[in-house]
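To start, the structure itself, in structure tokens.
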Amino acid sequence: MKTGGQLIVEALKANGVKRISCVPGESYLAVLDALYESGIEVLVCRQEGGAAMMADSWGRLTGEPGICMVTRGPGATNASAGLHIAHQDSIPMILFVGQVGRDMREREAFQEVEYRRAFTEFAKWVGEIDDARRIPEFVTRAFAVATSGRPGPVVLTLPEDMLVDMVEAADARPYTRVESHPGTTQIAELGRLLEKAERPMLILGGTRWSEQAVADVTAFAERFKLPVGCSFRRQMLFDHLHPNYAGDVGIGINPALAREVKEADLLILIGSRMSEMPSSSYTLLDIPYPKQTLVHVFPDPEELGRIYRPDLAICAAPTEFVEALSALPTPDAPAWADRTATMHDSYLTWSTPPLTGPGPVLMGPIMQWIEENVPDDAIFTNGAGNYATWVHRFHRFRRYNTQSAPTSGSMGYGLPAAVAAKQLFPEREVICFAGDGCFMMHGQEFITAVRYGLPIITVLVNNGIYGTIRMHQEREYPGRVSATDLVNPDFVAYAKAFGGHGELVERTEDFGPAFERARASGKPSIIEVKLDPEAITPAKTLAQIRSGS
Ligand SMILES: Cc1ncc(C[n+]2csc(CCOP(=O)(O)OP(=O)(O)O)c2C)c(N)n1
């Protein structure tokens with residue numbers, strides 16, 4: 001006989017869970033008790049949004065569901081920020097929510113929410129376990145749903161009284177992963193399309209990749225001399241210094257690359273949904289009938305033909321699809337080899353940072369310093385803001401799993417994601433990029449990094465404004481500044497008050513030494529980079545945007 005709380009923890013252990021994030025609540029004390037001496041590491045967070053984002057980041061970096069536990073009502077609604085990210089980004093995650101007792105349901109009891117109604121839009125499945133004997137069934141299904149097809153978040157709610165019931169239940173076993181392979185006829189058809197093509201291109205995106213899959217797709221691109229683009233915030237899927245790399249198909253795309261995508265005659269989308277950001281607001285491919293011959297590879301049939309009608313639809317996970325590509329014989333010299341080389345040259349020019357700009361601190365040389373001094377396996381995290389452009393355009397990603405950033409453009413993600421990444425890979429450098437706006441959304445999780453001894457480095461780009469919105473505002477309503485300026489704390493003092501290391505950079509040349517000191521401190525650190533608000537994009541100042549020049 002075991003309690004519901006014990007059965008939950010046993011089911012997690014059976015599924016290989018090593019860590020969870022949480023904010024505690026009285027609604028799930030029995031689970032907290034079962035976690036005591038369970039061997040599962042519990043990261044206690046300061047706000048459920050950050051806790052859920054940590055779980056998302058674990059799911060993103062491992063492919064296995066990240067686990068988060070929160071209390072009912074306010075805990076769950078706070079956590080919904082992380083749920084939405086995991087949903088839009090196709091990340092496996094399971095959110096456990098303490099729920100009011102079964103005998104009180106539907107009375108709007110203290111903090112009661114009907115989660116099936118509230119979260120169905122953000123989750124692949126929302127379930128409530130009202131019988132402790134069914135815990136193995138629900139948890140197994142949660143893992144299967146979160147990881148299969150297009151991965152996503154699952155919410156399981158746990159009535160408080162169910163968790164203390166003593167019951168007999170089946171011993172927990174690990175879930176079975178569902179794989180989806182391409183058919184041999186589909187691979188042969190792809191081979192025929194490639195034979196006919198003159199301007200083919202690969203675009204990689206989505207999830208369900210692995211180190212091996214990245215190696216497989218690289219080998220395929222090399223054999224066929226194909227140019228490869230990476231979808232928005234999925235740049236870690238292809239080595240940016242590889243001669244076949246064509247660039248980031250994301251926000252502010254290289255215009256030359258956008259032209260190539262539009263003019264391609266064969267587009268092979270692997271894992272990407274080609275949603276609003278990578279498609280330049282749905283302008284790169286015609287809807288529903290793209291001009292390009294479209295091969296769309298995606299692990300969920302519902303996405304195939306949803307927006308773009310593909311000429312060849314392949315329902316397969318990227319891992320399984322790229323493995324099957326070895327069956328295609330290597331062509332003699334493909335006619336497009338020169339075009340691939342030209343596209344890579346264009347990428348190299350596009351990703352070379354400008355060395356001038358307004359103000360005494362220049363982000364271009366700072367990015368250059370980072371490129372020269374940060375190891376290839378360093379993990380970059382960020383949330384949303386114009387500061388992120390510097391990373392996305394000028395950091396040359398070299399390896400798989402070196403990025404944890406939301407395609408949903410959610411501010412406040414970078415810091416909790418960095419905490420999670422460092423916990424997972426303590427031997428790797430983890431660098432969080434944040435704006436002053438973005439950082440303050442989950443800045444309290446800096447204490448979580450301090451508490452667990454996770455020396456992340458935060459590059460906090462402080463321009464004193466909600467820069468992205470100011471940029472749009474100046475373009476649409478020139479000179480009418482409304483709700484986009486900020487008053488900030490002293491971020492160096494903030495870092496120190498939390499027990500971390502703080503640095504202030506007011507001149508470009510101070511960045512390198514500040515970074516080295518942050519590294520050497522062995523503590524979580526914040527490097528506040530004081531950026532002139534005029535330096536709003538790598539190409540244009542705020543004044544130029546205001547005047548429409
Ligand atoms: C959670 C959330 N709230 C609001 C927005 C809208 N938004 C996008 S970027 C941005 C400003 C970001 O400011 P900051 O982090 O200071 O970076 P900057 O653009 O100044 O570089 C805002 C408010 C968002 N994307 N996410």
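No lab work stands behind these numbers, since they all come straight from the coordinates. This one's a predicted model, so the numbers in the text were calculated from it and none came from an experiment. Reconstructed Cβ throughout: ideal geometry from the backbone, glycine too, with neighbour counts over all protein chains shown.
Here are some notes:
- Theoretical gain in end-to-end length, Arg107 to Thr184 [0.36 nm per residue, Cα-Cα removed]: 22.1 nm
- Rg and Dmax of the range 2-167, based on Cα coordinates, read 14.0, 41 Å.
- The range 184-349 - convex hull of the alpha-carbon atoms, volume per residue in Å³: 96
- Calculated from backbone phi, Karplus (6.51, -1.76, 1.60) coupling profile of the range 245-259 in Hz, x at Gly/Pro: 6, 10, x, 8, 8, x, 5, x, 4, 3, x, 5, 6, 4, 4
- For Thr120 and Arg223, a Förster radius of 41 Å and the Cβ-Cβ distance give a FRET efficiency of 0.40, rounded to the nearest 0.05.
- A Cβ-based charge dipole, computed about the Cα centre of the range 352-547 with Lys and Arg at +1 and Asp and Glu at -1, lands at about 320 debye.
- Taking 12 Å as the cut-off, the amide N atoms of the range 346-385 that come nearer than this to a point 7 Å along the Cα-to-beta-carbon line of Glu506 belong to 360-361.
- Whole-angstrom gap from the range 526-549 to the range 105-125, using each part's C-alpha centre: 43
- DSSP beta bridges fully contained in the chain are about 5 percent antiparallel.
- Gyration tensor verdict on the chain (Cα atoms; rounded if a/c is under 1.5, prolate if a/b is larger than b/c, oblate otherwise): oblate
- Phe425-His242 pseudo-label distance in nm [points 7 Å out on the Cα-to-Cβ vector]: 1.7
- Of the residues Gly499, Ala483, Thr468, the one whose Cα sits farthest towards the positive end of the charge dipole of the range 374-517 is Thr468 (charges of +1 on Lys and Arg Cβ, -1 on Asp and Glu Cβ, taken about the Cα centre).
- Ranked by the mean number of other Cβ atoms within 10 Å of their residues, highest first, the peptides 8-16, 301-309 come out as 8-16, 301-309.
- A straight line joining the Cα centroids of the range 229-258 and the range 56-83 runs 29 Å.
- Student exercise, the range 2-167 dipole from Lys, Arg, Asp, Glu Cβ charges, in Debye to nearest 20: 500
- Take each peptide in 379-386, 350-357, 475-482, count the other Cβ atoms within 10 Å of every residue, and average; sorted highest first, the result is 379-386, 350-357, 475-482.
- Evaluated with a Cβ-only charge set (Lys, Arg +1; Asp, Glu -1), the chain carries a dipole of roughly 560 debye about its Cα centre, given to the nearest 20.
- Set of the range 297-325 residues, backbone N closer than 13 Å to the point 7 Å along the Cα-Cβ line of Tyr289: 309-311
- Computed from the C-beta positions of Arg519 and Ile307 and an R0 of 45 Å, the FRET efficiency is 0.55 to the nearest 0.05.
- Dividing the helix sum by the residues of the chain, where each DSSP H run of 4 or more adds -39500 (n - 2.57), gives a mean residue ellipticity at 222 nm of -11000 deg cm²/dmol.
- Between Lys540 and Thr342, the simple label model (points 7 Å from Cα in the Cβ direction) yields a spacing of 2.8 nm.
- Ordering Phe110, Cys432, Ser521 by the projection of their Cα atoms onto the charge dipole of the chain, which places +1 on the Cβ of Lys and Arg and -1 on the Cβ of Asp and Glu, puts Cys432 at the extreme positive end.
- A prolate overall shape is assigned to the range 144-216, the ratio a/c of its alpha-carbon gyration tensor axes (a ≥ b ≥ c) being 1.5 or greater and a/b exceeding b/c.
- Chain lengthening between Met1 and Lys13 when straightened (0.36 nm per residue, less Cα-Cα): 2.5 nm
- Simple spin-label estimate for Tyr282 and Glu211 in nanometres, 7 Å along Cα-Cβ: 4.0
- Residue-count net charge about Leu454 - beta-carbon cut-off 13 Å; Lys, Arg +1, Asp, Glu -1: +1
- Shown is the FRET efficiency for Glu26 and Arg141, computed with R0 = 22 Å from the Cβ-Cβ distance and rounded to the nearest 0.05: 0.25.
- Mean-position separation - Cα centroids, the range 357-436 and the range 136-193, in angstrom: 31
- Packing-based ranking of 45-52, 200-207 yields 45-52, 200-207, ordered from highest to lowest mean Cβ neighbour count within 10 Å.
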